[in-house]
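All remarks here apply to the structure that follows.
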Amino acid sequence: MATITGLQTFAYMPAQPPLPCAFVGGPREVTYHAAMNTGLNEWRLSVWVLVSNATPTVESQADLDEYVSPTGTRSIRAAVEGTAGTQTLAGVVSDVVVEGIEAYALYVTETGSYFGAEFTVRVFAGA
């Protein structure tokens with residue numbers, strides 16, 4: 001996601017998210033025995049993209065549309081999955097797939113409310 005111009009990215013949720021930003025949340029689900037002999041672990045992760053503070057505006061929804069789009073220079077899916085074929089995230093995993101988003105929503109944190117979307121990303125990793 002760091003390849004998307006203007007999007008600040010984090011491995012974890014920042015204490016005070018700068019906007020727009022994307023960060024990886026904790027796992028939603030982990031399957032340790034996705035292949036025989038514990039050869040594959042499957043992780044479903046949440047990735048949040050936040051574009052504005054509090055109430056969504058037409059502009060913030062339009063910005064979010066670009067991140068949710070399956071293609072384009074600001075597409076989360078295109079940035080994570082890259083070109084056709086298996087994506088290994090520089091050899092760290094066996095494959096990664098952006099499955100979809102939950103919905104456009106307001107997310108409330110200790111530091112405020114943010115408008116954005118939660119993506120589900122499935123990662124396959126050797127044990």
Looking only at the stretch 12-33, which residues are surrounded by 16 or more Cβ atoms within 10 Å (Cβ to Cβ) and within 19 Å of residue 94 (Cα to Cα)? 24
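Here's a check for you: in the stretch 34-54, which residue that is outside any strand (DSSP E or B) and not small (Gly, Ala, Ser) is least open to solvent (accessible area, probe 1.4 Å)?
First, pick out the residues of the stretch 34-54 that are outside any strand (DSSP E or B): 34-39, 54.
Add one more test, that the residue is not small (Gly, Ala, Ser), and what stays is 36-38.
Working: 36: 174, 37: 146, 38: 59 Å².
For the stretch 34-54, the residue satisfying everything is 38.
The values are calculated or read from the model by the stated rules, or taken from the named source; none is laboratory data. Note that this is a predicted model, so its numbers are computed, not measured. Every residue, glycine as well, gets a Cβ built from its backbone with ideal geometry; the counts of neighbours run over all protein chains shown. Accessible surface is based on the protein model in full, side chains and every heavy atom, while ligands, DNA and RNA are left aside. Shrake-Rupley method; radii C 1.70, N 1.55, O 1.52, S 1.80 Å.
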